[in-house]
Amino acid sequence: MAKEPIRVLVTGAAGQIGYALVPMIARGVMFGPDQPVVLHMLDIEPAAEALNGVKMELVDAAFPLLKGVVATTDVVEACTDVNVAVMVGGFPRKEGMERKDVMSKNVSIYKSQASALEKHAAANCKVLVVANPANTNALILKEFAPSIPKENITCLTRLDHNRALGQISERLSVHVSEVKNVIIWGNHSSTQYPDVNHATIKTPAGEKPVRELVGNDEWLNGEFITTVQQRGAAIIKARKFSSALSAASAACDHIRDWVLGTPEGTWVSMGVYSDGSYNVPAGLIYSFPVTCKNGEWSIVQDLPIDELSRKKMDATAQELAEEKALAYSCLS
Ligand SMILES: NC(=O)c1ccc[n+]([C@@H]2O[C@H](COP(=O)([O-])OP(=O)(O)OC[C@H]3O[C@@H](n4cnc5c(N)ncnc54)[C@H](O)[C@@H]3O)[C@@H](O)[C@H]2O)c1
């Protein structure tokens with residue numbers, strides 16, 4: 001029997017990431033090749049015509065799995081009955097704007113979209129926030145949608161995770177699928193900590209630690225970290241636009257692994273509500289290593305943390321605490 005379609009909301013769907021993401025979802029990249037979907041696309045009034053153009057292209061692409069498209073500027077219509085919400089829409093930082101002004105715009109967007117999701121989404125809707133500041137937008141969404149379980153609200157750090165896998169794969173000239181268990185700790189910002197202390201490479205002689213195979217701690221503790229942290233800026237410099245296809249692909253990876261599960265022995269990075277694991281203050285949305293099973297994530301526990309890691313994990317937590325305070329100051 002054919003499966004019931006999953007309703008997927010993409011906000012900011014007329015934007016760059018949206019344009020890369022919706023065809024991936026319609027092709028089965030997010031939920032698999034036998035799972036029908038209905039796309040709900042939301043954007044704001046100035047982008048309504050462009051949004052309609054995206055809808056026309058989705059029709060023209062004749063995707064077998066795509067069972068319907070809702071394209072709207074009405075947040076209630078967009079959120080109604082959605083099972084998964086990918087929040088890409090937000091207010092970008094423009095030249096000359098203060099951090100507080102950008103935060104304030106996004107706080108008000110995420111506050112109102114939280115209420116719409118809470119009232120109109122399907123029960124147990126899973127939420128992924130992509131728009132920056134991703135961790136703090138997700139935190140605001142959680143605060144203003146108290147009836148959505150906090151475990152259902154996450155933010156995207158999978159792009160950073162995938163970037164770390166990519167850098168190790170290039171360095172060792174191995175295929176990226178042979179590299180696993182890197183970790184992104186903390187904020188999706190330049191304070192994030194890409195950690196390879198537990199990462200391994202699949203070799204004909206079994207799994208080997210990345211540190212051993214790279215054999216260059218200076219590179220791993222220096223250039224590797226800054227390359228991953230600054231990769232977004234490097235893409236903007238090269239493309240004159242921010243990363244879109246890799247962000248869309250990472251959003252699909254995030255939801256797919258969350259819904260369908262992570263492979264045995266493999267973890268991924270997700271921004272989730274901290275429960276105090278690894279002495280990360282509770283009450284922040286912080287990126288941790290997680291495994292997923294039966295639609296639920298759990299933080300990988302008891303990894304040994306060295307002194308350098310501790311410092312970097314604390315620094316990114318500190319930045320998130322400051323962002324949280326700034327976001328709250330915008331509410332009053
Ligand atoms: N977490 C990550 O890894 C990651 C990676 C890349 C980009 N991003 C962030 O993702 C966001 C989107 O990036 P993009 O390149 O697609 O930007 P974009 O400017 O091309 O698209 C954003 C879209 O959001 C829409 N929008 C604005 N306010 C909205 C609202 N209130 N409701 C619905 N839609 C709204 C805009 O009209 C626009 O179409 C940005 O915040 C960017 O910084 C995050």
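The values are calculated or read from the model by the stated rules, or taken from the named source; none is laboratory data. Bear in mind that the values here come from a model prediction, so they are computed numbers and not experimental data. Every residue, glycine among them, receives a Cβ derived from its backbone with ideal geometry; neighbour counts consider all protein chains shown.
In table form, for the structure just shown:
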quantity: Verdict on A145 being buried (at least 23 other Cβ atoms within 10 Å of the Cβ), in the same structural domain as A244 (by the TED database), more than 12 Å from the chain's Cα centre (by Cα) and not charged (D, E, K, R); calculated: no
quantity: Criterion (within 18 Å of S246 (Cα to Cα), in the same structural domain as G283 (by the TED database) and part of a loop (DSSP other than H, G, I, E, B)) met by exactly one of S177, S169, S189; calculated: S189
quantity: Residue satisfying condition, being assigned to a loop (DSSP other than H, G, I, E, B), more than 15 Å from the ligand (Cβ to nearest atom), touching a helix residue (DSSP H, G or I) at 6+ places or on another chain (Cβ under 9 Å) and among the small types (G, A, S), within set G265, G283; calculated: G283
quantity: Search result, residues across the range 109-144 that are of a type in the set (S, T, N, Q) and away from the ligand (no atom under 11 Å from the Cβ); calculated: S115, N124, T136
quantity: Scope the range 233-249; condition within 16 Å of N187 (Cα to Cα) and in contact (Cβ under 8 Å) with a residue 60 or more places away in the chain; matching residues; calculated: A247
quantity: Per-region count, the range 307-325, residues within 21 Å of Y110 (Cβ to Cβ) and surrounded by fewer than 16 Cβ atoms within 10 Å (Cβ to Cβ); calculated: 3
quantity: Filter result for S147 (within 13 Å of the ligand (Cβ to nearest atom) and of a type outside the set (D, E, K, R)); calculated: no
quantity: The range 112-133: number of residues that are closer than 20 Å to N294 by Cα, part of a loop (DSSP other than H, G, I, E, B) and under 18 Å from the mean Cα position of the chain (by Cα); calculated: 1
